[in-house]
Amino acid sequence: MTIKETEELIRDYVKRGSEEAFKELVDRYINLVYSAALRRSGSDSNQIEDIVQTVFADFARKAGRLPKGVRLGGWLHQHTCFVASNMLRADLRRQNREKEAMKEFSNESAPVRAELVNALDEAVEKLDPPDRDILLLRYFEGEDFRAVGTHFGVSEDAAQKRVSRAIERLRNVLAEQGIAVGATALVALLGTCSSTAAPGILNGTVCRLAIRNGSLASATLFGLSTGTILKCLGIAAVTSLTLLWTWYRPIAAFSKSQAAQRTLHARTNRTYASASPLSRSLPLEAVTAKTNRDTNNLLTMTIIADDSGSVVPNVPIDLRLWEGTQQSRRKLQSDRFGKCEIEIPRKTLAELRITTRIDDFADTRLDWKSENGDLVPVNYTIRLIRPTAISGMVVNEQNQPVEGATVHIENYDSPALENKIENHIFGQIETLSDSNGGWHLNRIASEMIPFLQGGARHPEYVDAAAFRMDHADPVEKALLDGTHVFHLTQGASVRGWVTDSEGNGIAGASILVGLKGEDRSRQSIS
């Protein structure tokens, strides 16, 4: 194939989205890419497939930006070497983390492991939708941080931070159920959630029924609803995991080639598919719900970036609504077009508060109060501004970095800001310190910096001394240049026994020191 023929195929693919042209290019160069991947990865067939699929997925995205006259074979070979090197390094880091994580999880007692496995799915369901969705995508579906970021419309780093926060919230839910587990051990458990394969015969049955009925949404399996089937599979999966941990058997890693295939398929579909929402049919339930809603009670929000004017998709939204003295709270999310429709009881509404919370943009609050004569509009556009980043370190008494510490930053009351319908009050934001003890927040507007207070905590230490900005002006500079340090001190160990009335020890009892729900409380298991 000549350079001219290659350029014509690339042009045909870029301008018309020609699948035939893309397929011909893949057929022409796949042996070159595969051979280079084979030399770099040896006999690891799964990794070879990952490299090949990643290279062509990247080519599908970047084809329109390749320099004129570039030799595609040379570009693909160079990119294959680059992808392979990155993947090998990432796999080595992942293997080291998994070894450490599984070592920590194995140190837990067998009853604790079994209790944790049984409680996992219920705890995940109690999370807010954005946290639940991101954990399911990352661990249960086996997507990497890059794919997670693409799905939520954020960077890879931002996706990793969101996952870390969701893990910490999952730990809190488990703690409320009396199950204390470290972040590393919980990650080890989540990392196995996608490793239980369904029986091959089930795949064929489901496919046949799907084809026969035209849609899995309306299909039933042997008279059972889809929801019932999924519940049964979930129980089987949890039972399998419990037996595996009880017998200390190794758990097979999820096939990365399947994850890579899904990523490539998703990217390719996004390339070929129309962006118009009208080209997709809605489920009957969704159409009925839209038809039955009172449009007079709808608030349609559009979320865009102030600096670029482009829509911001998949923005988590915190909604609080007051009717008289009754308060309700919901977690919402804008769609991929930055739109969100909110039903509100206009006649009985006392106050409506909406807060957007997404990395790389400042949290923005809308607050309409009937006592102030505020009227909630039918349409409203939020223009998200870029934030001012703050960061720092968390260390122990020996000035060693502390990983997994929760850093919480709040804003204290400011009447001047609260009287505005649109402001950048955020309430509280939390993040976790990394393996180097570092933490970073990128969701606070510059106008809120003078009104900050915050601290750090870790279950194995006494809480760090908190700061309040107006009491310590030098803190502002330290937060902005990343030199602020939270010092955690070692707490006293409290030991004891849990027994019945006859003095017999009771295993698995929940121990709470302090008040339930209090930041300073500590939990353990006998």
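Using r as the Cβ-Cβ distance of Lys4 and Arg61, and R0 as 25 Å, what FRET efficiency do you calculate, to the nearest 0.05?
0.60
Round to the nearest 0.05 the FRET efficiency obtained for Lys369 and Val498 when R0 = 56 Å and r is the Cβ-Cβ distance.
So the FRET efficiency works out to roughly 0.65.
Given Cα pairs under 8 Å that are at least 6 residues apart, what percent is the relative contact order of region 116-161?
20
Quick one: of Lys347/Lys420; Lys339/Lys420; Lys23/Lys339; Lys339/Lys477, which pairs are farther than 26 Å apart, Cα to Cα?
Check vs 26 Å cut-off fails for Lys23/Lys339; Lys339/Lys477.
Across the Cα atoms of region 345-467, what radius of gyration and what greatest pairwise Cα-Cα distance (Dmax) are found, in Å?
Values for region 345-467 (Cα only, Rg and Dmax): 17.6, 60 Å.
Sorted by average packing, counted as other Cβ atoms within 10 angstrom per residue and highest first, what order do 400-412, 305-317 take?
400-412, 305-317
So which aspartates and glutamates can Lys62 reach, going by Cα to Cα under 16 Å and dropping same-chain residues fewer than 8 places off?
Once the sequence-local aspartates and glutamates are set aside, what remains near Lys62 is Glu7, Glu8, Asp12, Glu19.
What length, rounded to one decimal in nm, is gained on full extension from Glu351 through to Asp12, with 0.36 nm per residue of separation minus their alpha-carbon distance?
Between Glu351 and Asp12, full extension yields an extra 116.5 nm.
Between Asp306 and Val513, what is the label-point separation in nm under the 7 Å Cα-to-beta-carbon projection?
4.6
Excluding residues fewer than 8 places away in the same chain, name every one of the aspartates and glutamates whose C-alpha is closer than 12 Å to that of Lys331.
Asp128, Asp131, Asp318
Between Ile30 and Asp360, 0.36 nm times their residue separation minus their Cα-Cα distance comes to what?
Length gained, Ile30 through Asp360: 115.0 nm.
Values in this text are rule-based calculations from the coordinates and carry no lab data. Since this is a predicted model, take the numbers as computed values, not measurements. Counting neighbours? That spans all protein chains shown, and the Cβs are built from the backbone with ideal geometry, glycine included.
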